[in-house]
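Only one structure is covered here, and it is reproduced in the block below.
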Amino acid sequence: MNYLESLYWIHERTKFGIKPGVKRMEWMLAQFNNPQNNIKGIHVGGTNGKGSTVAYLRTALVEKWL
């Protein structure tokens, strides 16, 4: 699946309404050979506390491995 095909696939799904869950995203990522499995990083998401969480993680990781 190329970029244009993936855009078409995403936009075609909107006419069916919202369907909660991650199955569609898992399918889409599988079409691209699951690139998320090769990312070496930590994703911090959410509404509040990202800055303090990242600061805490940074300190812990630096103390442990550097």
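None of the figures in this text is laboratory data; all of them are computed from the coordinates on show. The structure displayed is predicted, hence computed values, not measured ones.
Let me know the number of lysine pairs in the chain closer than 29 Å at the Cα, not counting same-chain pairs under 8 apart. Lysine pairs meeting the criterion: 7. Per-residue ellipticity at 222 nm from helix content only, as computed over the chain with -39500 (n - 2.57) for each DSSP H run of at least four residues, stands at -17000 deg cm²/dmol.
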